1. With a 1.4 Å probe and every protein chain kept in, tell me what percent of the accessible surface of segment 1-152 is carbon plus sulfur.
2. Testing the spin-label approximation: label points 7 Å from Cα along Cα→Cβ at ASN84 and LYS62. State their distance in nm.
3. Taking θ as phi - 60°, what are the ³J(HN,Hα) couplings along segment 86-101 by the Karplus curve (6.51, -1.76, 1.60), each to the nearest whole Hz, with x for Gly and Pro?
4. Need the full-extension length gain, PHE141 to LYS228, defined as separation in residues times 0.36 nm minus the C-alpha distance. One decimal, nm.
5. So with the 1.4 Å probe, I'd like the accessible area per residue for segment 129-226, rounded to whole Å².
6. Name the residue from ASN130, ILE173, THR199 whose Cα lies farthest towards the positive end of the charge dipole of segment 112-224, charges +1 on Cβ of Lys and Arg and -1 on Cβ of Asp and Glu.
7. Which ³J(HN,Hα) values, rounded to whole Hz and listed in residue order, are derived for segment 191-198 from phi using the Karplus coefficients 6.51, -1.76 and 1.60 in 6.51 cos²θ - 1.76 cosθ + 1.60 with θ = phi - 60°, glycine and proline given as x?
8. So what does the Cα-only Debye profile of segment 105-162 read at q = 0.14, 0.17, 0.23 Å⁻¹, as log10 I(q)/I(0), no solvent term?
Amino acid sequence: MLIPWHVAIIMDGNGRWAVKQSLPRIWGHKRGIETVKTIVQVADTIGIKILTLYAFSTENWKRPKIEIDSLLSLLVQFLKNETNKFIKAGIRLRILGDLSKFPQEIRDELNKVCMFMAKNTRFELNIALNYGARQELVHAFKEMLKHGIKNPTEQTISSFLYTAGQPDPDLLIRTSGELRISNFLLWQIAYSEIYVTDTLWPDFTENDLRIAISEFQKRERRFGGVNK
Ligand code: IPE
Ligand code: IPE
Ligand code: MG
């Protein structure tokens, strides 16, 4: 059976998970990180080659400062803690998003962990941080202008996105049941298969990922053509 090469996930529902247990929202984010650990490992085992996780959007700055600060520090801590494991596992890390909004020390930390894994090629993990697809496109167009590109093709535009060089996601998963894209990878998901589950991200398990993949395997991808 065909394993999707690139899987992208909108990891949603941490807050609702916490509220359901009468816990502060940040506890949901803590549990969400545990799910990230599991899913990275399972995705690699299953044979997925690129995993893109939406961790913080350009719109998430609207949240209370205390939630933003805790969430960002949990994410940075997670990446630092996992660095050695990722290096050994042959995982390469790429951060998608506008890092200029972050304090210099966070940027330094992120650059450092990415550098440590730069030689790895077996499995690519993209973490979308302060990511918004519209911001990504504006950034790409500005870069193209800087490079004097006046007549871009679709390939040129793709090559200026944060996902440059990577094939588009085959499968896009969203947890927690919301039927929207929330400014994620607008360009790259043009032909991705979409799978939405009601399961909240902290409750999302290996089995849920396997179910999403088996749903993907039942889809008939036509890319605008006709099959047989
Ligand atoms: C997803 O969970 C994590 C981020 C968006 C950072 P939420 O925090 O959005 O959880 P809900 O949607 O409020 O339940
Ligand atoms: C999408 O979730 C962003 C991330 C998962 C990082 P949100 O919870 O921010 O999205 P909306 O507000 O429900 O669209
Ligand atoms: Mg949400």
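The values are calculated or read from the model by the stated rules, or taken from the named source; none is laboratory data. The shown structure was predicted, so the numbers you read here are calculated from the model rather than taken from an experiment. When we count neighbours, we look across all protein chains shown, and the Cβ atoms used for this are built from the backbone with ideal geometry, even at glycine. The protein model used for the area step is the full one, side chains on, heavy atoms only, and it has no ligands, DNA or RNA in it. Shrake-Rupley method; radii C 1.70, N 1.55, O 1.52, S 1.80 Å.
1. Reported share for carbon and sulfur atoms: 57 percent.
2. About 4.2 nm, to one decimal.
3. Each residue's phi maps through the Karplus curve to give 5, 4, 4, 7, x, 8, 10, 10, 10, 9, 9, x, 8, 6, 5, 7 Hz.
4. On the way: separation 87, 0.36 × 87 = 31.32 nm, distance 3.88 nm.
So the extension gain works out to 27.4 nm.
5. Values: 5340 Å² over 98 residues.
Value returned for segment 129-226: 54 Å² of accessible area per residue.
6. Of the options given, the answer is ASN130.
7. 10, 6, 7, 9, 10, 10, 10, 6
8. The calculated log intensity ratios at q = 0.14, 0.17, 0.23 Å⁻¹ are -0.55, -0.77, -1.00.
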